[in-house]
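Each remark here refers to the structure printed beneath this line.
The values are calculated or read from the model by the stated rules, or taken from the named source; none is laboratory data. Treat the numbers as computed from the prediction; the structure is a model and nothing was measured. Cβ sites come from the backbone with ideal geometry, for glycine too, and all protein chains shown count toward neighbours.
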Amino acid sequence: MTIADIRKSAEQKMAKTVEALKHDLAKIRTGRAHPGLLDHIHVDYYGSMVPLSQVAQVGLGDARTITVQPWEKKMVAAVEKAIRDSDLGVNPASHGDLIRVPMPPLTEERRKELTKVVRHEGETARVAVRNTRRDAITHLKDMMKKKEVSEDEERRAQDEVQKLTDRYVAEIDKVVAEKEKEVLTV
């Protein structure tokens, strides 16, 4: 393993951490409708649990309403039940074979709770990035002990890893700040 491999591996892990954070934050409800809010819901489809997107078309009715149209008419009740039983706290209503999921406006108290959740997710991501840095530096020190690289090369590589860490932590901070602003916007 070379210094370049360690750096590349660390950078890939840090980038994945930021992507995972963005994905997790997308699930946090802001009062606006977003089809991605229903991504984690699974529906009982003939005895097996399948993702909602495999049994229905999910779209937006308007800024505060998600529409779900099951591909099979007999799935309407099962899809409606799965959405109602989810952790989203929404109340779907079916109109024929179309299910409307209105997003209730958030209370001030709930907005503050959500900002805490957003900050917690951000801190978890920052810890993951720092752990990646720690692992990379441990590899570099092992290489130096085995005399595979010089002290100067090891020091330069550590500085590069630190710069990567700083860059990704700054990106995480930016993502968290944007989501907090989105949550607090009425």
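What the table below lists for this structure:
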quantity	calculated
Search result, residues across the range 41-64 that are in contact (Cβ under 8 Å) with a residue 24 or more places away in the chain, surrounded by 14 or more Cβ atoms within 10 Å (Cβ to Cβ) and closer than 16 Å to LYS27 by Cα	ILE41, HIS42, LEU52, ARG64
Residues located in the range 1-44, provided they are outside any helix (DSSP H, G or I), charged (D, E, K, R) and more than 24 Å from ALA63 (Cα to Cα)	ASP44
Selected residue (criterion: surrounded by the most Cβ atoms within 10 Å (Cβ to Cβ)) from residues of the range 1-40 that are touching a residue at least 40 places away in the same chain (Cβ under 8 Å) and either in contact with a His (Cβ under 6 Å, 6 or more places away or on another chain) or of a type in the set (Asp, Glu) (or both)	ILE6
Failed item in (1) over 24 Å from the mean Cα position of the chain (by Cα); (2) in the same structural domain as LYS13 (by TED's automatic domain parsing); (3) not hydroxyl-bearing (Ser, Thr, Tyr), with ASN131 passing the rest	(1)
Test: residue in the range 43-58 that is in contact with a Phe, Trp or Tyr (Cβ under 8 Å, 6 or more places away or on another chain) and closer than 21 Å to LYS174 by Cα	no
Those strands (runs of 3 or more DSSP E) lying entirely in the range 50-144 with at least 2 residues more than 30 Å from ALA4 (Cα to Cα) and in contact with a Leu (Cβ under 7 Å, 6 or more places away or on another chain)	65-70
Unique match (being in the same structural domain as ARG7 (by TED's automatic domain parsing), closer than 30 Å to THR2 by Cα and assigned to a helix (DSSP H, G or I)) among GLU148, GLU171, GLU178	GLU171
